[in-house]
Amino acid sequence: MKPTIISRPRAVLFAAMAVAVQGAFAQTLSAPAQRISDQAIVADQAGYKALQQRVKALNDKGVPVNNYYLSKAQCWLDVSLHEYTRNDRSAFPQQALEQGAAIVGALETGATPNPGDQTPLVNDAAKLRDDLWARFGGVKAGAGFACAAQKVACGEVELVHAGNEFKQQGWRHANPYIQIAEDQLQAAQASAAACGGAPVAAAVTPLPGAAPVVSVEKLTLAADALFRFDKSGVADLLPAGRARIDSMMIKLDGVFAQVSSIKLTGYTDRLGTEAYNQPLSEKRAATVRAYLVSKGFAGEIVSEGKGEADQVEACTGVAPRAALIGCLQPNRRVEVEVTGIKR
């Protein structure tokens, strides 16, 4: 007599496997209260490095960098480290890191389904922008998804990142990450279309005789994502920084039928002297301008620096210095103000 086999629903099976994979491959950070010592911070950085090495090992074995799961693991790792260095004492850094580790573990063992098939709202993050979630889902279901997988994966993670910031600190803190998700969506749609997917919607033609409406769009580029530490030249632009600027321009091309001008304003944090910070902010804004010109933008671009003015985060009392530098990261930025006629 054959034994009775009781099948479990797919959702239950997936949840059980995800828990097993996470348990086997978890990366544990020090408790928030312990992150005041250099020893704890060094240990946590070693944990991040270990997971990064596992991501690299998978790539070395043939998993493409733009693989949906590998990309998602990398982006979970990135947002976890980003918030950790900003001194986020919530559960978000740990839970985001666990998501990355679970996906990597499944890739290493060949376990299916991969936990990366889901994008949980870790740390009880708010679910923002249902329209963006739906449009990412549309790209995933389309014929050109293979070419857009990396951008979709990271865009989904950034939406969770934004939802976490919204819940903890409000819209002003969530907005930069919504911006990144929008950039990723624009880039994903363009990549999918180039790969044989559905084309991006065409611009709407204004009615004859209607006066064009001039609009202003403001964006923020994190200086730490653009430049090597304490650097400002074109040669110092990080590959990810160049990609971030390119992604911004793809988004703007989808939003604006005509761009009349771009204003770039550089800022630094409050560390260092004003005599040092002012020219650094000017050089970084000028470098972004030079990069845009080199990519063929022919409109008017002006750049300026405001040094340590208009600080976004005060980070009063944050220590040690490594944690303070991370906390002050939002202040190191290049703000972009685009004027033109929208589609």
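The values are calculated or read from the model by the stated rules, or taken from the named source; none is laboratory data. It should be emphasised that the depicted structure is a prediction, and the values quoted were computed from it without experimental measurement. Reconstructed Cβ throughout: ideal geometry from the backbone, glycine too, with neighbour counts over all protein chains shown. For the accessible areas, the whole protein counts, side chains as well, though only heavy atoms, and no ligand, DNA or RNA atoms are used. Shrake-Rupley method; radii C 1.70, N 1.55, O 1.52, S 1.80 Å.
One table, with the values for the structure above:
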item	result
Hits in region 260-292 - residues which are open to solvent by 40 Å² or more (accessible area, probe 1.4 Å) and not basic (K, R)	S260, G272, T273, E274, A275, Y276, Q278, P279, E282, A286, A290
Criterion (within 21 Å of E313 (Cβ to Cβ) and among the polar types (S, T, N, Q)) met by exactly one of Q168, Q150	Q168
Check on E156, among the acidic types (D, E) and modelled with pLDDT of 90 or more	yes
Subset of region 118-137 [open to solvent by 60 Å² or more (accessible area, probe 1.4 Å) and either farther than 18 Å from P93 by Cβ or assigned to a loop (DSSP other than H, G, I, E, B) (or both)]	Q118, L121, K127, R129, D130, D131, A134, R135
Flag if K140 is within 24 Å of P330 (Cα to Cα), more than 16 Å from the chain's Cα centre (by Cα), basic (K, R) and open to solvent by 10 Å² or more (accessible area, probe 1.4 Å)	no
Residue check, G340 open to solvent by less than 20 Å² (accessible area, probe 1.4 Å), out of contact with any His (no Cβ under 8 Å at 6 or more places or on another chain), over 24 Å from A174 (Cβ atoms) and not aliphatic (A, V, I, L, M)	yes
Selection within region 241-276 - basic (K, R) and closer than 30 Å to Q150 by Cβ	R242, R244, K251
In region 242-254, the residues that are open to solvent by less than 30 Å² (accessible area, probe 1.4 Å) and either of a type in the set (K, R) or touching a Lys or Arg at 6+ places or on another chain (Cβ under 7 Å) (or both)	K251
Residues of region 262-281 classified as aliphatic (A, V, I, L, M) and either in a strand (DSSP E or B) or touching a strand residue (DSSP E or B) at 6+ places or on another chain (Cβ under 9 Å) (or both), total	3
Failed criterion for C75 (all others in (1) in contact (Cβ under 8 Å) with a residue 60 or more places away in the chain; (2) in a loop (DSSP other than H, G, I, E, B) hold)	(2)
Which listed residue, of K218, K251, is closer than 17 Å to Q179 by Cα, at pLDDT below 85 and charged (D, E, K, R)	K251
Scan of region 279-320 for residues that are closer than 15 Å to S232 by Cα and either acidic (D, E) or over 23 Å from the mean Cα position of the chain (by Cα) (or both), ordered by number	P279, L280, E282, K283, A286, A290, S303, E304, G305, K306, G307
Failed condition for T339, given (1) assigned to a strand (DSSP E or B); (2) among the hydroxyl-bearing types (S, T, Y); (3) under 27 Å from R86 (Cβ atoms)	(3)
Any chance Y69 is surrounded by fewer than 23 Cβ atoms within 10 Å (Cβ to Cβ), part of a helix (DSSP H, G or I), among the aromatic types (F, W, Y) and touching a helix residue (DSSP H, G or I) at 6+ places or on another chain (Cβ under 9 Å)	yes
Qualifying residues in region 254-291 (those that are at pLDDT below 90 and among the hydrophobic types (A, V, I, L, M, F, W, C)) - the one nearest to K306 (Cα to Cα)	V259
Close pairs from region 79-105: first closer than 14 Å to Q329 by Cβ and open to solvent by 10 Å² or more (accessible area, probe 1.4 Å), partner part of a helix (DSSP H, G or I) and among the small types (G, A, S), Cβ under 7 Å, at least 6 apart	T85/G326; R86/G326; N87/A323; N87/G326
Sole exception among (1) more than 15 Å from the chain's Cα centre (by Cα); (2) under 30 Å from V255 (Cβ atoms); (3) acidic (D, E) for D88, by number	(2)
Within region 309-337, tally of residues that are within 30 Å of Q258 (Cβ to Cβ) and either open to solvent by 50 Å² or more (accessible area, probe 1.4 Å) or at pLDDT below 90 (or both)	3
